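Colleague: One structure, pasted below without further comment.
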Amino acid sequence: DSGVTQTPKHLITATGQRVTLRCSPRSGDLSVYWYQQSLDQGLQFLIQYYNGEERAKGNILERFSAQQFPDLHSELNLSSLELGDSALYFCASSVGETGGFPDEQYFGPGTRLTVT
Amino acid sequence: DAKTTQPPSMDCAEGRAANLPCNHSTISGNEYVYWYRQIHSQGPQYIIHGLKNNETNEMASLIITEDRKSSTLILPHATLRDTAVYYCIVRVAGGSGGSNYKLTFGKGTLLTVNP
């Protein structure tokens, strides 16, 4: 158990709908990352937040957005869903700004999104 | 981040050492080598990291060549539960700013441990 929790575990929805995925980081971690894993694209970094602020963006679609709340949990919002958005979505957390030292990321169990 | 090259798959007998190679010939002086693994659709799991010295922890050993262009992850006594995709990742560690923190995953090596 990594200490990172994600809800829900599974989500089935229809095209055009909007869903919210939730992540609670490990106690003490200030950074939250979102990754998408699909069969054709592999594991891809989407976005990172540190202590409530967006810090880095990867291949995140404009239909997707995220935020990190004062209690440090994070939500990933996916809207206007398409069949191709079906994937595993992982959240990871880390200490964050470590001033040059290695910063391991700890991953949650993921949310499996199926768009029908 | 430097690109890495790993074999797509490897087999190992249970109880034997598993040696997983990784080439990172374009690695920069301030880039670390990280290893993660993913057991069948679970979240990736951190294994070990290193800069230039060999490293060992309770899970594995990491051997980095002197020129730092390649490394080997060693699982000393592989078990069936070590069957997973192993990812070798090279990245700049720490510092301020955002883009240094992401992990860029390649296709990894599927290690199958056989009974």
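Colleague: I'm checking my understanding of the structure. Among residues of region B:8-59 that are in contact with a Cys (Cβ under 9 Å, 6 or more places away or on another chain) and more than 30 Å from A:Pro25 (Cβ to Cβ), which one is surrounded by the most Cβ atoms within 10 Å (Cβ to Cβ)?
Modeller: Looking at residues that are in contact with a Cys (Cβ under 9 Å, 6 or more places away or on another chain) and more than 30 Å from A:Pro25 (Cβ to Cβ), I get B:Ala18.
Colleague: From B:Leu111, B:Leu62, B:Leu73, which residue is touching an Asp or Glu at 6+ places or on another chain (Cβ under 7 Å), part of a strand (DSSP E or B), aliphatic (A, V, I, L, M) and free of Cβ contacts under 8 Å to residues at least 60 places away in the same chain?
Modeller: Working: B:Leu111 fails: free of Cβ contacts under 8 Å to residues at least 60 places away in the same chain; B:Leu73 fails: touching an Asp or Glu at 6+ places or on another chain (Cβ under 7 Å).
That would be B:Leu62, the only listed residue that is touching an Asp or Glu at 6+ places or on another chain (Cβ under 7 Å), part of a strand (DSSP E or B), aliphatic (A, V, I, L, M) and free of Cβ contacts under 8 Å to residues at least 60 places away in the same chain.
Colleague: Take the conditions under 24 Å from A:Pro25 (Cβ atoms), in contact (Cβ under 8 Å) with a residue 60 or more places away in the chain, open to solvent by 10 Å² or more (accessible area, probe 1.4 Å) and within 14 Å of another protein chain (Cβ to nearest Cβ) and apply them to B:Thr104. Does it pass?
Modeller: yes
Colleague: Would you mind stating whether A:Ser93 is in contact (Cβ under 8 Å) with a residue 12 or more places away in the chain, within 27 Å of B:Ile39 (Cα to Cα) and more than 9 Å from chain B (Cβ to nearest Cβ)? Quick ask: steps written out before the conclusion?
Modeller: Details: in contact (Cβ under 8 Å) with a residue 12 or more places away in the chain: yes; within 27 Å of B:Ile39 (Cα to Cα): yes; more than 9 Å from chain B (Cβ to nearest Cβ): yes.
Criteria met by A:Ser93.
Colleague: A further question follows. Out of everything in region A:14-49 that is open to solvent by 40 Å² or more (accessible area, probe 1.4 Å) and assigned to a strand (DSSP E or B), what residue ends up being nearest to A:Pro109 (Cα to Cα)?
Modeller: Across region A:14-49, the extreme among qualifying residues is A:Arg22.
Colleague: Of the residues that sit in region B:18-47 and are among the aliphatic types (A, V, I, L, M) and more than 11 Å from B:Asp82 (Cβ to Cβ), which one is nearest to the other protein chains (Cβ to nearest Cβ)?
Modeller: Checked region B:18-47; the qualifying residue nearest to the other protein chains (Cβ to nearest Cβ) is B:Val33.
Colleague: Looking at A:Asp103, is it among the charged types (D, E, K, R), out of contact with any strand residue (DSSP E or B) (no Cβ under 9 Å at 6 or more places or on another chain) and modelled with pLDDT under 90? Talk me through it step by step, then tell me what you get.
Modeller: Working: among the charged types (D, E, K, R): yes; out of contact with any strand residue (DSSP E or B) (no Cβ under 9 Å at 6 or more places or on another chain): no; modelled with pLDDT under 90: yes.
Here the answer is no, as A:Asp103 does not meet what is asked.
Colleague: I would also like to ask the following. What about A:Arg55, is it in a strand (DSSP E or B), farther than 18 Å from A:Arg22 by Cβ and not aliphatic (A, V, I, L, M)?
Modeller: Spelling it out, A:Arg55 is indeed in a strand (DSSP E or B), farther than 18 Å from A:Arg22 by Cβ and not aliphatic (A, V, I, L, M).
Colleague: Going by the structure shown, is A:Val19 closer than 16 Å to B:Gly43 by Cβ and among the β-branched types (Val, Ile, Thr)?
Modeller: No; evaluated as a whole, the condition is false for this residue.
The values are calculated or read from the model by the stated rules, or taken from the named source; none is laboratory data. What you see is a predicted model, and the numbers here were worked out from it, not measured in a lab. Note that each Cβ is placed from the backbone with ideal geometry, even for glycine, and that neighbours are counted across all protein chains shown. Note: areas computed on protein heavy atoms with side chains; ligands, DNA, RNA excluded. Shrake-Rupley method; radii C 1.70, N 1.55, O 1.52, S 1.80 Å.
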